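See below for the structure under consideration.
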Amino acid sequence: MKTLVLGSTSVFRKAILEKLNLNFICDKPDIDETPLPHETPEQLVERLALGKAKKVAESHRNALIIGSDQVAVHQGEILGKPGSCENAINQLMRFSGDKVTFLTSLCLYNSGDDSYQVIVEPFNVYFRELSLTQVTAYVNAEQPLHCAGSFKSEGLGICLFERLEGDDPNSLIGLPLIGLTKLLANQGIDVLALQA
């Protein structure tokens, strides 16, 4: 099997990929993530996943490179990382009783033949009706200041939700494994057969 490279230094994405029990290395893609004018959220994450994979491919010839990106969208607006407690509280209060859609892109890039596959997985998060006291307590406890949407679903953030809706819970954390196994299969790699 070609070298498998995760084009990310996210500890969360690394932990998700480790679930597949495959040998892989990580490399940081250094690209400009600024949205282009008139770019939809779907177009943005698709472009960034491919861009990250291609950037990492510059250092890894004849490898399979996984690129991924994620945006959170509320009422048509792309949500950034809050950066401060005040912004996180304001963002979460806007979501109270409402839905946020996470779009997670996944690219599997073959640097040997310059071919690639890209998918975008939607995942909906429905928030409970939340009080300012609850939101403030959550932000102070978990400090989700570098997380799109101002929460960590793999932690205490789960208490903010009414329900979750999507095909793969891993996509909410940042790497859709069901989709990845399909993309790997298209490259002739059966993850389960490799476990034998």
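The values are calculated or read from the model by the stated rules, or taken from the named source; none is laboratory data. These numbers come from a predicted model, not from an experiment. No Cβ is skipped: glycine too gets one built from the backbone with ideal geometry, and neighbour counts run over all protein chains shown.
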In region 67-98, residue surrounded by the fewest Cβ atoms within 10 Å (Cβ to Cβ) [restricted to those that are among the charged types (D, E, K, R) and closer than 18 Å to I173 by Cβ]: K81
Top-ranked residue in region 132-183 [being among the aromatic types (F, W, Y) and under 21 Å from P122 (Cα atoms); ranked as modelled with the highest pLDDT]: F161
All positions within region 101-121 that are small (G, A, S) and in contact with a helix residue (DSSP H, G or I) (Cβ under 7 Å, 6 or more places away or on another chain): S105, S111
Criterion: touching a Gly at 6+ places or on another chain (Cβ under 9 Å), free of Cβ contacts under 8 Å to residues at least 60 places away in the same chain, in a strand (DSSP E or B) and more than 16 Å from N186 (Cβ to Cβ) - qualifying residue of F102, F123: F123
Residue list for region 142-196, filter: out of contact with any helix residue (DSSP H, G or I) (no Cβ under 6 Å at 6 or more places or on another chain) and among the β-branched types (V, I, T): I158, I178, T181, I189
Region 132-155, residues that are loosely packed, with under 15 Cβ neighbours inside 10 Å and without any contact (Cβ under 8 Å) to a residue 24 or more places away in the chain: T133, A137, A141, G155
Pair list, Cβ under 8 Å, 6 or more apart: region 161-189 residue in contact (Cβ under 8 Å) with a residue 60 or more places away in the chain and surrounded by 20 or more Cβ atoms within 10 Å (Cβ to Cβ), other residue of a type in the set (D, E, K, R) and not in a loop (DSSP other than H, G, I, E, B): S171/E121; I173/R13; G174/R13; L175/R13; P176/E121; G179/E121
Any hit, region 54-61, residues being hydrophobic (A, V, I, L, M, F, W, C), under 14 Å from the mean Cα position of the chain (by Cα), buried (at least 21 other Cβ atoms within 10 Å of the Cβ) and at pLDDT 95 or above: no
In region 15-46, the residues that are farther than 23 Å from N186 by Cβ, free of Cβ contacts under 8 Å to residues at least 60 places away in the same chain and not in a loop (DSSP other than H, G, I, E, B): A15, L44
Boolean, L64 is assigned to a helix (DSSP H, G or I), buried (at least 19 other Cβ atoms within 10 Å of the Cβ) and not basic (K, R): no
Checking G112 against (1) under 24 Å from L17 (Cβ atoms); (2) not in a loop (DSSP other than H, G, I, E, B), the condition it does not meet: (2)
Residue tally, condition closer than 14 Å to P29 by Cβ and free of Cβ contacts under 8 Å to residues at least 60 places away in the same chain, over region 55-99: 7
